[in-house]
Amino acid sequence: MILIASTPLTATKVLTLAGRLFVGLLPWALLSGCAVPPAERTPPAAALPIPLHQPADFAAWHQALDRLQTADALLLGEQHDALMHHQWEADTVRELAARQRLAALVLEMADAGTPGAPLPSDASEDEVQKALNWNDKGWPWKHYGRTVMTAVRAGVPVRGGNLPREAMRAAMKDERLDTQLSAAGMQMQMQAIRDGHCDLLPESQWLPMARIQLARDDSMAKVIRASLQPAKVVLLVAGGGHVRRDIGVPQWLKGDGLTLKAVIARSGVDTPGSPQQADLYVTTPPLPPRDHCAELRQQWKR
C-alpha cells in the first residue's frame, strides 16, 4: 500500500517530495524531461524534425544553428535520460563557442546563484562541480560534465538557473504564479504534475507542485535575462517542458522584446511537432522500454 496516495500530505512532506523530484533526485520520474505537459491540439509544424542518430547528422544541426544563433536566447529542451541529447547539447556549446557567439550557458541542473563568479578556463572538473554545488545523484556529472566543461574551457560563463530548494516552500504558496499562464496553460501544468508523478499525488497538491514548476521557469528566465550580451546568444539547457514557448520559460520573457528560439529533442519521435511549442525539433534514437511509474512507486514505498 502506498500511503501517499490515500493520506493527505503535510507541507513538510510535500516540500520533501518537491525537493526530491524537482531538484533532481528523481528526474527520471518526470517522464519526458521535467513533466512535459500533454500536446495541445494545434496544427503540426510543416517540417520534419532534424534526425540526430549518428555524428554525421550533426552537420544538419550546425546548418540550423546558422539562423538560431542570431537569437538573444536559444533554449534546448532535453529528455533527461536520453544520452544522445547530452551529446547534442555538448556539440551545440562547442559549435557556438567556436563561432564566438555564446554569451553564457544556463543550466536547469544547477541552482540560480551558482557560481557567484566566472569560472577560470583552466578549472578542474572537481572545482567546477564545487562552484556549481552540483548534485551528482540527481544530475549525473557523467552525462552533463562534457557540456559544462566545454563551456568552461572556452571561457564561456556557466550559470545555474534552477529554483533553489529553500525557495520551494514559498513558491508552493505563491498565488501570483497562477496568473502567468492562461487558464488552459495552468491546467496543462497541473495535468503534467499528475501524469509525471504517476497519479501518486493527491489532487490538493497539483497546484502547489505546478507553482514550483512555474517558479523554476521564472528563475531560469531571470538568469537568462541577466546573462544577455549584444550580438551573442544565451544557451539554456533544460527539460523539454521548461523550454516550451506556450507554457515554459519563454512565457516569463515574452514582455522583454527578446528574440527567443526553442528547440525540443525527442527520442524515437520523427513526426512533426507543434510550432506553438517549439521553433524546431530534433529526433534521436528510441530509448529501451522502461516503466518509470513502477520505479517511482518502489521509491515511494521505501
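Key figures
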{"quantity": "DSSP-assigned coil residues among trypsin sites (Lys or Arg not before Pro) in the stretch 143-203, each with at most 12 further Cβ atoms within 10 Å", "calculated": "173"}
{"quantity": "Environment charge at residue 190 (Cβ cut-off 12 Å; Lys +1, Arg +1, Asp -1, Glu -1)", "calculated": "-1"}
{"quantity": "Note, ³J(HN,Hα) from phi for the stretch 175-187, Karplus 6.51, -1.76, 1.60, rounded to Hz, x at Gly and Pro", "calculated": "5, 5, 5, 5, 9, 5, 9, 5, 4, 5, x, 5, 5"}
{"quantity": "Interchain or long-range residues, amide H under 5 Å from residue 233's placed H", "calculated": "102, 103"}
{"quantity": "Neighbour-count ranking [beta-carbon atoms within 10 angstrom, fewest first] of 89, 175", "calculated": "175, 89"}
{"quantity": "Electrostatic dipole magnitude of the stretch 68-114 [Cβ: Lys, Arg +1; Asp, Glu -1; Cα centre; debye, to 20]", "calculated": "300"}
{"quantity": "Distant-in-sequence amide H partners of residue 280 (H built 1.01 Å from N, under 5 Å)", "calculated": "262, 264"}
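Readers should treat all values here as calculations from the given coordinates under stated rules, not as data from a laboratory. Bear in mind that the values here come from a model prediction, so they are computed numbers and not experimental data. Note: ideal-geometry Cβ built from the backbone for every residue, glycine included; neighbour counts use all protein chains shown.
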